[in-house]
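A short write-up of the structure that comes next.
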Amino acid sequence: MSEPKQRILTGIRPTGALHLGHYVGALENWVRLQDQYECYFLIADYQALGDHFDDIERIRKSVLDVTLDWLAVGLDPNKAVFEVQSAVPQHAELHMLLSMVMPLGWIDRNPTLKTEMQKLEDENKTLSLGFYNYPASQVADILLPKAHLVPVGEDQRPHIEMTRDLVKRFHHMFQVEVFPEPDILVGRVGRLVGIDGQAKMSKSLDNCIYLSDDEKSVTEKVRRMYTDPTRLRATDPGHVEGNPCFVYHDAFNPDTAEVEDLKARYREGKVGDVEVKRILAAKLNAFLDPIRERRAQYAARMDDVRDILEAGSGRGRTIAEATMAEVRSAMRLTYTEKAG
Ligand code: TRP
């Protein structure tokens, strides 16, 4: 008999449609992983409430948008579990129990949380207790299906380390082993620059190309794309490194010989930005076409999409309930159980 597959859990906050940054940083990797592992893909709507409790409508829309984007890029609900956090009530229970086990100091030392809190403060948003406590919620996400691996970006590393520390602490406190200590799995490409040249493609920076953008808006966004600011004329020698046009060519133009040729000519001042961008827009649209097509097919039958989430969340509940039975027993929350 073959070994049972190792388990993966990863998730996304439903706060908007997904973009090319999500694709190279996560989705492309997930599509491969779903064949090799037992995968749980989580739509973390509770976590989204942490800083978007004032915009429920956006979360509602994004849950379905994210699902469509997942299906469009080739994530397959027959291979992987698509689940919604709030449809798995065991999540709330484990989150609460883990909050008892986790020292407050761990939250204060989490650099990712610190950065995000600073951002909320800069935006004059009220910091809720739920937001402050979300790393414990993410630990619960990972532990409910007893994941071995968590594919995420570098920025999520502190949360995975916290998960490992909490597993050790839980086992030590209750003297039984319930969970594997999960490892982080970092993707091939860390992050993608925005079309404005900022380090990160991000909805809040308004510098994204979305997986759901139509051909015309992609072409228009590429036309406006930031290039080499030191180059004034097409005959000036240009810089390729860090130039978003070439970062995107590297990531999305499968014709590497063409990319190398463009780079060489760009450095020598023998090709203009207009030409580089014209080719890039065509390649991006060719890359996005099959994604758009699949998205449209699913968008035409939204009830099936809702069924996929309902069925996946059901599987999520089953595995989560099995884990919770072990957790309640480990913590001896079994007062009414009668002796044998
Ligand atoms: N915090 C992650 C992000 O912002 C999303 C997430 C929620 C997640 N729960 C998770 C990632 C569990 C990995 C595992 O991208």
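Rule-based calculations on the coordinates, nothing more; no lab input. Remember, predicted model here, so these are calculated numbers, not experimental data. So basically every Cβ, Gly included, is an ideal-geometry build from the backbone, and we count neighbours across all protein chains shown.
For the range 187-265, trypsin sites (Lys or Arg not before Pro) are listed when DSSP marks them as loop and at most 14 other Cβ atoms sit within 10 Å of their Cβ; the list is Arg188, Arg224, Arg233.
With the simple model of a label 7 Å out from the Cα in the direction of the Cβ, Ala286 to Glu260 spans 1.8 nm.
Once the C-beta distance of Thr318 and Asp108 is scaled by a Förster radius of 30 Å, the resulting FRET efficiency is 0.25 to the nearest 0.05. So what does log10 I(q)/I(0) come out to for the range 1-60 at q = 0.15, 0.16, 0.22, 0.24 Å⁻¹, using the Debye formula with one equal point on every Cα and no solvent? Log-scaled intensity ratios, in q order: -0.56, -0.62, -0.92, -0.99. For trypsin sites (Lys or Arg not before Pro), the sites in the range 274-340 that DSSP calls loop and that have at most 12 other Cβ atoms within 10 Å are Arg301, Arg332, Lys338. Amide H contacts of Ser212 (H built 1.01 Å from N, in plane; Pro and chain starts excluded): no residue 5 or more places away or on another chain comes under 5 Å. Loop-resident GluC sites (Glu not before Pro) (DSSP state other than H, G, I, E or B) in the range 167-253 with no more than 12 further Cβ atoms inside 10 Å of their Cβ: Glu177, Glu241.
Checking the cross-link pairs Lys61/Lys146; Lys79/Lys168; Lys125/Lys203; Lys216/Lys277; Lys119/Lys221 against a 23 Å limit on the alpha carbon distance flags Lys61/Lys146; Lys79/Lys168; Lys119/Lys221 as lying beyond it. Think of it as helices only: each DSSP H run of n ≥ 4 in the chain is worth -39500 (n - 2.57), and spread over all residues that comes to -17000 deg cm²/dmol at 222 nm. Nearest 5 percent is fine: what portion of the DSSP beta bridges confined to the chain is antiparallel? DSSP beta bridges in the chain are roughly 5 percent antiparallel.
Here the calculated FRET efficiency for Ala87 and Arg267, from their Cβ-Cβ distance with R0 = 51 Å, stands at 0.45, rounded to the nearest 0.05. With a cut-off of 8 Å between alpha carbons and a minimum separation of six or more residues, what is the relative contact order of the range 215-295 in percent? Result for the range 215-295 is 37 percent. Could you let me know the centre-to-centre spacing of the range 182-231 and the range 1-66, using Cα atoms, in angstrom? That distance is 19 Å.
A crude spin-label estimate for the pair Arg224 and Glu241, with each label 7 Å from Cα along the Cβ direction, gives 3.0 nm.
The residues packed around Gln198, meaning those with a beta-carbon under 12 Å from its beta-carbon, carry a net charge of 0 if Lys and Arg are +1 and Asp and Glu are -1.
Residue-normalised convex hull volume from the C-alpha trace of the range 30-147: 126 Å³ per residue. Net charge around His19, counting only other residues with Cβ within less than 10 Å of its Cβ (Lys, Arg = +1; Asp, Glu = -1)? Within the 10 Å Cβ shell, the charges total -1. In plain terms, the bigger the Kirkwood radius, the slower the diffusion; for the chain, with that radius from Cα pairs, at 25 °C and 0.890 mPa s, Stokes-Einstein puts D at 112 µm²/s.
In this rough spin-label picture, where each label sits 7 Å from Cα along the Cβ direction, the Gln118-Glu177 distance is 4.0 nm.
When the square roots of the Cα gyration tensor eigenvalues are ordered a ≥ b ≥ c, the ratio a/c for the range 101-214 is 1.5 or more and a/b does not exceed b/c, which makes its shape oblate. With contacts taken as Cα pairs under 8 Å and at least 6 residues apart, the chain reaches a relative contact order of 23 percent.
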